[in-house]
Structures are given as structure tokens and as C-alpha cells.
Amino acid sequence: MIKKFMTSLSKPPLTIFFIRDSWFKVIFYVIFVTFLIIVPTIIKSSINPTMDIQRYQDMQTTLKSDFIIENAQIIDGTLSYEAAGSFSFAYFNVYLGDNEFSNNSVNFVFEENDLAIYVVDIEIDRASYQSLNLEDYDFSSTDNQDITRLSVAIKQMYESQSFIVTAEIFATYFLTLFDYIFIALLMAVLMVFFINRIPMPFSLRFKLSLYLTTVYGVIQLILVLFSATYLNFIALIAVYIYHLWTYRSIKIIPKGVI
């Protein structure tokens, strides 16, 4: 496995010898490479399971624009309101009052005496407003200090849920796996159109692309480590170059020459 990884990364033309691997070996290889890509995410989440700063800022911005609710207050730890409200960030929803909960996200719900967390319609946890420093709060306030206090309370509930960290690691893994396979499939299709002189079945081209896409995974890993994921296009360029390099290295020998 490691030998194939190093060969795919340092000598891409030699990956042509891997196209006869069984699909089981190819799939196991892709699973292995995808795991390597998300190792920094796993380490970061294990050491410091806090809400990502960008996610927190997005939540705070959305809260200020979409969650200003008139005649809704927490007084002495008890919520009273005239109209319900809600907003979303990432795959989380925040509700005040009676609402139809989303079945595809984690739901934070401001109830009469507590902030509760639901997945589908199953309650996971709850915390009193006193414990969240929201014993008295006016949801119609646009004051920055009040917005910060409310966003910190939601963040505190988020960070107290270990299942969220685990779910995000799994979600990151499967999204990364999907990206990897999609890039490999895209490159295999492109090679059919741009380099069609090679009589190779598409299934073998796809296997070859799954190995050649290793460089995409490694560059993604480096970009994550240096917080430079906005440079994703570099990984795409690299995997395309690896494909051209490999296909142009393939020599076709006519029958009867040897």
C-alpha cells in the first residue's frame, strides 16, 4: 500500500502497472488515501474540539441578520414570545418557539426554560438559561454585546456535544472521499476525449485515475495544514498534469513488432 502510494506520488507513469489490480485493492487504496487527507482534522478535533472560528463568525453574522425577534424575551430564566423565529448556519438550525424541525440537521431550540438540542425529533441534551448566561435576554436587541452573548451560548452548547465532533469527522471523511472519486472520474473522462489514441477500456482508465489522483489528496492535506484551502485549484492542476504525464508516457507497440 505504501509502495503504491509513493509510486503514484513520485513516479506516476509507473501506475500503469497497477491497472490490473482487483477492485477490492483499488477501493482499499482510495479509502487509505482519503483517511490520510483528513488526519489533521481528526487530530485538531481531538485536541481542541471547539467550533471553527469561520463557522462561529458565520453564525454570528446570520444571527444578527435573521434572528432579531420582536416581543421575545428571557426574563428570570423563562422565555416568552409572540412569534417564533429561526436561522441556519452550516448544517445546524436554531429555533425559537414552536417550529417544524429539520430532519437533516442538528437543531438548537430555545424552549421555555432551556436551550435544547434535537437530532430529528430526539432530544440529545439541554441546558438552562442560567447556566448559559442568558437568564435575562431580549431577542429584539441588535447590540453587539447581546449578539455576542447569544452566539457564545449557542457555541457553548455546540462544544459540549461530543457526538457533533464525531459526526463532523465522518461527514468530512465521506465528503473528501466523494471529492476524490469525483476528481478521478472527471480526469478519466477527460483523458477519453483528449487522449483517445490509447485503446484502453474506461474501467482501466478509471482505475489509473484513482491512483493518479493521489497527488490531489496530498496537496489537499498540505493546504489544510497551512490553512490555505482557497488554493484548491493547485491540486486540480497537479492531478491533471500527472494524467498528461502518465498517458504521454504510454507507448503502443503494434502487433507483430515484437
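The values are calculated or read from the model by the stated rules, or taken from the named source; none is laboratory data. The structure presented is a predicted model; accordingly, all values stated were derived computationally and were not measured. Every residue, glycine among them, receives a Cβ derived from its backbone with ideal geometry; neighbour counts consider all protein chains shown. Ligands, DNA and RNA are stripped out before the accessible areas are found, and what is left, the full protein with its side chains, is counted by its heavy atoms. Shrake-Rupley method; radii C 1.70, N 1.55, O 1.52, S 1.80 Å.
Yes or no, residue by residue, for (1) open to solvent by less than 70 Å² (accessible area, probe 1.4 Å); (2) farther than 23 Å from TYR91 by Cβ:
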position: LYS11; (1), (2): no, yes
position: PHE24; (1), (2): no, yes
position: THR34; (1), (2): yes, no
position: ILE37; (1), (2): yes, no
position: SER46; (1), (2): no, no
position: MET51; (1), (2): yes, no
position: ASP66; (1), (2): no, no
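Filtering the range 135-166 to residues that are in contact with an Asp or Glu (Cβ under 8 Å, 6 or more places away or on another chain), open to solvent by less than 50 Å² (accessible area, probe 1.4 Å) and not in a loop (DSSP other than H, G, I, E, B) leaves TYR137, ASP146, MET157.
Going through PHE87, PHE28 one at a time, which residue ends up being touching a residue at least 12 places away in the same chain (Cβ under 8 Å) and in a strand (DSSP E or B)? So that I can check it myself, show each step before the final result.
Numbers: PHE28 fails: in a strand (DSSP E or B).
Within the list PHE87, PHE28, the selection yields PHE87.
In the range 189-218, the residues that are under 21 Å from PHE233 (Cβ atoms) and in a loop (DSSP other than H, G, I, E, B) form Cβ pairs under 7 Å with partners that are open to solvent by less than 20 Å² (accessible area, probe 1.4 Å) and at pLDDT 85 or above, at six or more places apart or across chains, as follows: THR213/TYR180; THR213/ILE183; THR213/ALA184; THR213/MET187; THR213/VAL239. Does THR62 meet the test of being in contact (Cβ under 8 Å) with a residue 24 or more places away in the chain, open to solvent by 20 Å² or more (accessible area, probe 1.4 Å), not in a loop (DSSP other than H, G, I, E, B) and not assigned by the TED database to the domain that holds LEU175? When the stated conditions are applied, THR62 passes them.
From the list SER45, SER22, SER8, which residue is over 26 Å from LEU210 (Cα atoms) and among the hydroxyl-bearing types (Ser, Thr, Tyr)?
Details: SER22 fails: over 26 Å from LEU210 (Cα atoms); SER8 fails: over 26 Å from LEU210 (Cα atoms).
Answer to the check: SER45.
Give the range 83-117 a look and list any residue that's among the aromatic types (Phe, Trp, Tyr), out of contact with any helix residue (DSSP H, G or I) (no Cβ under 7 Å at 6 or more places or on another chain) and at pLDDT 85 or above, or say none.
Taking the range 83-117 as the starting set, the residues that turn out to be among the aromatic types (Phe, Trp, Tyr) are 87, 89, 91-92, 95, 101, 108, 110.
Imposing the further condition that a residue be out of contact with any helix residue (DSSP H, G or I) (no Cβ under 7 Å at 6 or more places or on another chain) reduces the set to 91-92, 95, 101, 110.
Passing the criteria: PHE92, TYR95, PHE110.
Every listed requirement among (1) closer than 29 Å to ASN48 by Cα; (2) open to solvent by less than 40 Å² (accessible area, probe 1.4 Å); (3) modelled with pLDDT under 90 is met by VAL120 save one, (2).
Looking at the structure I just gave you, is LEU186 buried (at least 17 other Cβ atoms within 10 Å of the Cβ), at pLDDT 85 or above and over 15 Å from the mean Cα position of the chain (by Cα)? Considered against the rule, which asks whether it is buried (at least 17 other Cβ atoms within 10 Å of the Cβ), at pLDDT 85 or above and over 15 Å from the mean Cα position of the chain (by Cα), LEU186 comes out as no. Just one residue in the set LEU115, LEU132, LEU79 is in contact (Cβ under 8 Å) with a residue 12 or more places away in the chain, out of contact with any Ser or Thr (no Cβ under 9 Å at 6 or more places or on another chain) and in a strand (DSSP E or B); that residue is LEU79. Just so you know, in the range 225-240 the residues that are surrounded by 17 or more Cβ atoms within 10 Å (Cβ to Cβ) and under 14 Å from ASP179 (Cβ atoms) include one that is nearest to the chain's Cα centre (by Cα), and it is ALA235.
Can you tell me which residue within the range 167-179, out of those that are of a type outside the set (S, T, N, Q) and surrounded by 14 or more Cβ atoms within 10 Å (Cβ to Cβ), is farthest from LYS44 (Cα to Cα)? Show your work before the answer.
Here is the first cut: in the range 167-179, the ones of a type outside the set (S, T, N, Q) are 167-171, 173-175, 177-179.
The next check asks that each one be surrounded by 14 or more Cβ atoms within 10 Å (Cβ to Cβ); those that pass are 167-169, 173, 177, 179.
Details: ALA167: 14, GLU168: 12, ILE169: 10, TYR173: 14, LEU177: 19, ASP179: 21 Å.
Looking at residues that are of a type outside the set (S, T, N, Q) and surrounded by 14 or more Cβ atoms within 10 Å (Cβ to Cβ), I get ASP179.
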